[in-house]
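Notes follow once the structure below has been shown.
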Amino acid sequence: MSEMRSDGELLRAVTADGDRRAFEELYRRYAPWLTARMRARCADAALVDDVVQETFLAVWRGTAHWREDAAGADAAGWLWRIASRRLVDALRGAGARGRLRQALARLRHRDEVSAEERVLAGVEHGDLAGALVRLSPELRAVLQATVVDGLTTREAAVLLGIPPGTVKTRAMRARRQLREALA
């Protein structure tokens, strides 16, 4: 039985040498975990699968740069940052209607209409829809992560690839702009 290589050894072999076996081992080790984490953030299983595949393609092609000496450069965290950024980019591309469908898809197993579902349904047709569209993509992404997805500031920061303080600032600006638009 061969000795199991560390994540660092695998990543070095993949990024420096293009070692296919190391890549396959890294994929087997982290793809299921990454898929499960992404599916907790996005109801669209096909989109999640695409994001996970794109993440590992970026590793294989060398477009994602792993630095072993960087603080917190563990493989799981590094892959999560790549995937979460790709997920945010994909969700931005899907537009507000796609995000609304995802939020409603997570709620569809309930029999009675919740207050959240009523609000989300009103987003598409009410004044709030126009106010949300006028927000910058960065502010909308923070609201999506913290309000619709229910993430903590720290989780949203990881998902969006920005510092927690920036999440707080953008959330405050987004709420202020929404209040002004709806007043």
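All of the numbers you see were taken from the coordinates with simple rules; none came from a lab. Given the structure is predicted, the values throughout are model-derived calculations rather than measurements.
Listed values, structure above:
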quantity	calculated
Gained length - residue 49 relative to residue 24, 0.36 nm times residue gap less alpha-carbon distance	7.3 nm
Derived scalar couplings ³J(HN,Hα) [region 54-59; Karplus, 6.51 cos²θ - 1.76 cosθ + 1.60; whole Hz; x for Gly, Pro]	5, 4, 6, 5, 4, 5
Computed lengthening from residue 57 to residue 173, 0.36 nm per intervening residue step minus Cα-Cα distance	38.2 nm
